[in-house]
Amino acid sequence: MANDKKVLTMDSLNPCVKIMEYAVRGPIVDRATALENELKNGASKPFTRVVKANIGDCHATGQKPITFIRQVLALVTYPELLMKNGDFPEDAKNRAKKILDACKGGSVGSYSESPGLLAIREDIAAYIAKRDGHPSNASDIIMSTGASDGIKAIITLLLTGKDGSGKAGIMIPVPQYPLYSAVIAEFNAYPIRYYLNEENQWSLDVSELKHAISEARAHCVPRAIVVINPGNPTGQVLTRQNIEDVIRFAKEEGLFILADEVYQHNIYAKGSKFFSFKQVMKEMGEPYSSMELASFMSASKGFMGECGYRGGYAEVINLDPQVKLQYMKSISAKLCPPVSGQAVMDVIVNPPQPHEPSYKLFEKEKEFVLAQLREKAKLVTDLFNSIEGISCNEVQGAMYAFPCIKLPEKAIEAAKEVGQTPDAFYCFALLEETGICTVPGSGFGEKEGTYHFRITILPPQEELREVLGHFKEFHLRFLSRYS
């Protein structure tokens with residue numbers, strides 16, 4: 001007789017999957033999607049549309065694609081367009097021809113080498129060398145399906161294969177982008193949480209790092225430290241001194257550094273500047289310049305926002321040669337990242353130059369996007385700090401604000417009664433009353449007794465003003481209701 005019993009049940013499912021969470025696409029986003037469908041079906045709501053301010057999806061919020069990027073993508077996707085002389089500028093054609101020449105069969109529909117097309121990795125290495133003022137080697141560049149896939153590949157190398165106190169410990173900031181806590185849970189590793197200093201612009205204190213690793217040693221084998229700069233969800237930009245402090249700490253503790261630098265183009269605050277971990281390490285000299293480091297970049301953020309193409313890369317330096325062979329073996333098992341995503345990354349690192357026909361339009365579009373984000377970063381910071389019961393550090397970079405909300409005791413008790421964290425309770429109320437979808441701070445981690453939410457600064461400026469206006473009205477009603 002056939003066995004009708006399911007192989008996979010909640011009892012037999014991998015327990016690591018069950019404990020894994022990913023807040024930016026969690027229950028509140030499911031409810032936002034349900035509300036959208038209810039509106040489409042004619043339901044009456046206090047709002048006419050849902051604003052998904054929960055995720056850094058630039059084009060979904062109305063940002064226009066950069067013309068030159070899409071021209072090159074059109075040409076590599078449909079090479080017959082190269083024959084249409086008047087439709088595309090010569091520099092776009094030249095980029096497309098270079099990419100197609102690097103593809104097997106002259107088609108982006110073919111597999112590339114597992115770490116990515118060599119011609120594109122050489123362009124990435126040249127970009128990094130120009131950015132940092134130090135050499136970069138294409139053999140150290142591994143292209144990936146967005147930065148996320150590259151991050152998972154490195155964390156995989158760091159696992160110990162043991163349980164209990166033998167687990168790999170990965171230091172992650174709190175608040176942090178929940179990819180890290182999700183991957184650590186999925187891989188049965190141990191999260192070593194270190195708290196950013198909200199009172200000092202979400203800075204990173206070495207004393208806190210030392211405290212966190214000391215507390216964790218009984219539970220794991222510390223293997224690596226993750227640093228997100230500019231910060232997500234916190235929007236801070238680390239000072240060079242802060243980066244040097246982290247590097248010294250990692251050297252003392254024998255930690256591999258994972259530098260999440262996907263927002264390196266998104267710097268807004270006066271006096272803030274992006275320094276890559278690689279540049280600082282190299283300029284500190286030995287023994288720091290030979291430390292193991294993986295730094296990550298993505299096509300999804302910056303001024304380009306090409307999230308759907310899933311382009312990204314890791315530069316991984318100073319690996320033991322035998323470990324490097326094992327790393328490349330693991331990469332080869334994935335075949336290759338999307339070649340169209342690789343093409344996007346190539347345009348980002350090899351943009352039009354001043355002597356080329358597309359330069360003026362490219363620079364104009366790039367600066368427009370970054371200038372708008374700069375203005376919106378200030379707008380959001382100022383607005384939140386003008387509202388009773390809310391404080392918000394300056395959005396120095398990245399694409400989000402992470403305000404702190406002072407919730408009345410009655411609201412905290414009401415949240416407990418329905419089995420929600422207080423900030424989730426607040427965010428669900430915000431969604432139901434205004435249609436604004438944000439992410440509760442508890443999904444990123446936060447100090448006990450503090451409550452936050454993350455909101456993106458991506459919507460068009462007038463729409464963002466409208467959203468913030470509705471938010472302010474809601475917040476004051478909420479305080480009145482529970483005071």
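The values are calculated or read from the model by the stated rules, or taken from the named source; none is laboratory data. Bear in mind that the values here come from a model prediction, so they are computed numbers and not experimental data. Please note: Cβ atoms are built from the backbone with ideal geometry, for glycine as well, and neighbour counts cover all protein chains shown. The area values use the complete protein model at the heavy-atom level, side chains included, leaving out ligands, DNA and RNA. Shrake-Rupley method; radii C 1.70, N 1.55, O 1.52, S 1.80 Å.
Of all the listed residues (GLU315, GLU292, GLU283), the sole one being more than 16 Å from ASP140 (Cβ to Cβ) and of a type in the set (Asp, Glu) is GLU283.
Counting only residues that are of a type outside the set (S, T, N, Q) and either under 24 Å from MET328 (Cα atoms) or outside any helix (DSSP H, G or I) (or both), the range 68-87 holds 4 of them. Here ILE151 fits the description: in a helix (DSSP H, G or I), in contact with a Phe, Trp or Tyr (Cβ under 9 Å, 6 or more places away or on another chain) and touching a residue at least 40 places away in the same chain (Cβ under 8 Å). Yes or no: SER148 at pLDDT below 90 and crowded, with 17+ Cβ neighbours inside 10 Å? Against the criterion (at pLDDT below 90 and crowded, with 17+ Cβ neighbours inside 10 Å), SER148 qualifies.
Taking the range 254-292 as the range and being closer than 13 Å to ARG131 by Cα and among the β-branched types (Val, Ile, Thr) as the test, only VAL280 passes.
Kindly evaluate MET281 against the criterion of being surrounded by 23 or more Cβ atoms within 10 Å (Cβ to Cβ), touching a helix residue (DSSP H, G or I) at 6+ places or on another chain (Cβ under 8 Å) and closer than 20 Å to LYS366 by Cβ. Criteria not met by MET281.
Check whether at least one residue in the range 363-376 is touching a residue at least 24 places away in the same chain (Cβ under 8 Å) and outside any helix (DSSP H, G or I), and report yes or no. No, the range 363-376 contains no residue that is touching a residue at least 24 places away in the same chain (Cβ under 8 Å) and outside any helix (DSSP H, G or I). For the range 50-66, filtering for residues that are farther than 14 Å from PRO460 by Cβ, open to solvent by less than 30 Å² (accessible area, probe 1.4 Å) and of a type in the set (A, V, I, L, M, F, W, C) leaves 2.
The residues listed here are GLY449, GLY443; of these, the one that is without any contact (Cβ under 8 Å) to a residue 40 or more places away in the chain and not acidic (Asp, Glu) is GLY449.
In the range 28-59, of all residues being outside any helix (DSSP H, G or I), among the small types (Gly, Ala, Ser) and closer than 24 Å to THR421 by Cβ, the one that is farthest from the chain's Cα centre (by Cα) corresponds to ALA53.
Of the residues making up the range 230-278, those that are at positive phi and open to solvent by 40 Å² or more (accessible area, probe 1.4 Å) number 2.
The residues in the range 351-404 that are within 19 Å of GLN264 (Cβ to Cβ), in contact with a Lys or Arg (Cβ under 6 Å, 6 or more places away or on another chain) and either surrounded by fewer than 21 Cβ atoms within 10 Å (Cβ to Cβ) or among the aliphatic types (A, V, I, L, M) (or both) can be counted, and the count is 0. Restricting attention to the range 115-126, which residues are touching a strand residue (DSSP E or B) at 6+ places or on another chain (Cβ under 9 Å) and either surrounded by fewer than 21 Cβ atoms within 10 Å (Cβ to Cβ) or in a loop (DSSP other than H, G, I, E, B) (or both)? Within the range 115-126, PRO115, GLY116, LEU117, GLU122, ALA125 qualify. Looking only at residues of the range 88-114 that are under 25 Å from SER332 (Cα atoms) and among the basic types (Lys, Arg), we find that the one that is surrounded by the fewest Cβ atoms within 10 Å (Cβ to Cβ) is LYS104. Scanning the range 311-345 for residues that are open to solvent by less than 60 Å² (accessible area, probe 1.4 Å) and among the acidic types (Asp, Glu) gives a single hit, GLU315.
Tell me yes or no: at least one residue of the range 409-423 is open to solvent by 10 Å² or more (accessible area, probe 1.4 Å), under 29 Å from ALA182 (Cα atoms), among the polar types (S, T, N, Q) and in contact (Cβ under 8 Å) with a residue 12 or more places away in the chain. Yes, because at least one residue in the range 409-423 is open to solvent by 10 Å² or more (accessible area, probe 1.4 Å), under 29 Å from ALA182 (Cα atoms), among the polar types (S, T, N, Q) and in contact (Cβ under 8 Å) with a residue 12 or more places away in the chain. Taken over the range 284-310, the residue count meeting the criterion of being out of contact with any Ser or Thr (no Cβ under 9 Å at 6 or more places or on another chain), open to solvent by 10 Å² or more (accessible area, probe 1.4 Å) and within 30 Å of THR77 (Cα to Cα) is 1.
Going by what's in this entry, would SER340 be described as within 21 Å of the chain's Cα centre (by Cα), farther than 19 Å from ASP140 by Cβ and touching a residue at least 40 places away in the same chain (Cβ under 8 Å)? Yes: the conditions hold for SER340.
Suppose we filter ALA224, ALA218 for residues that are open to solvent by less than 40 Å² (accessible area, probe 1.4 Å) and among the hydrophobic types (A, V, I, L, M, F, W, C); which single one remains? Unique residue meeting the criteria: ALA224.
From the list GLU462, GLU448, GLU466, GLU413, the one residue that fits, being farther than 29 Å from LEU370 by Cβ and in a helix (DSSP H, G or I), is GLU413. Summed over the range 127-139, the residues that are surrounded by fewer than 21 Cβ atoms within 10 Å (Cβ to Cβ) and in a helix (DSSP H, G or I) give a count of 7.
Going through (1) at positive phi; (2) modelled with pLDDT of 90 or more one by one, GLY164 falls short only on (2).
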